[in-house]
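Take a look at the structure set out below.
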Amino acid sequence: MSRDKTPSAQALSKRVSPGRPQPALTAEIERCDGSAEAKAGLFLMNGDWKRAHEVAQELDSPTAAYWHALVHRHEPDFDNSKYWLRRVGRHPVHAALAAAAKDDPEARSAMPKEQWDPIRFTDCYRDSGESSWTRRIEAIELRALLDYSLAPPERGTSE
């Protein structure tokens, strides 16, 4: 890729994974063609929580509030995370999380009344010490929210 070419947020989403920040990838995320919501997600997935927080807190949408909540869950600041999750309300990615948790007895604890409850999941995450099931569900949550953030604006939501 030449230095003056704008990176595709979609292409970056395939290269990013939770972990230590990769400075070169951070620079590409800064320049990419994605929405601010997508950039918040890419920064968080790249382990750059500070930059993800800066971007998410400047936005006013349920998806941005969700990214903001996830940043605070990672800090960890669980009460602040739950505050932002309350601002999100129901979100389309909850269906993917409910489907992933359906057949997992531990994950079902975050699904009272057969609906995904992100606040309850945050409590489980806090109380479990980041167990294997919470990390697995969180990875699904991050990927689903990033994919949603990368979708075209006419995705049919109230955002």
task: Would you confirm whether any residue within the stretch 118-125 is surrounded by fewer than 22 Cβ atoms within 10 Å (Cβ to Cβ) and among the polar types (S, T, N, Q)?
output: no
message: Being more than 22 Å from Glu138 (Cα to Cα), surrounded by fewer than 20 Cβ atoms within 10 Å (Cβ to Cβ) and not acidic (Asp, Glu) is the requirement here; does Pro21 meet it?
response: no
- line: Here the residues within the stretch 26-46 that are over 18 Å from Gln57 (Cβ atoms) and basic (Lys, Arg) are Arg31
field: Conditions (1) within 10 Å of the chain's Cα centre (by Cα); (2) more than 22 Å from Cys124 (Cα to Cα): number failed by Arg51
entry: (1)
- line: Here the residues within the stretch 61-110 that are under 17 Å from Ser131 (Cα atoms) and surrounded by 15 or more Cβ atoms within 10 Å (Cβ to Cβ) are Leu70, Arg73, His74, Phe78, Leu97, Ala100, Ala101, Glu106, Ala107, Ser109, Ala110
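Tell me, which helices (runs of 4 or more DSSP H) lie completely within the stretch 4-118 with 1 or more residues that are in contact (Cβ under 8 Å) with a residue 60 or more places away in the chain and within 20 Å of Ala151 (Cβ to Cβ)?
9-15, 36-45, 62-74
Computed from the coordinates by the stated procedures, all read-outs in this text should not be read as laboratory data. What you see is a predicted model; the values in this text were computed from it and never measured. Neighbour counts are summed over all protein chains in view; Cβ atoms, including those assigned to glycine, are modelled from backbone coordinates with ideal geometry.
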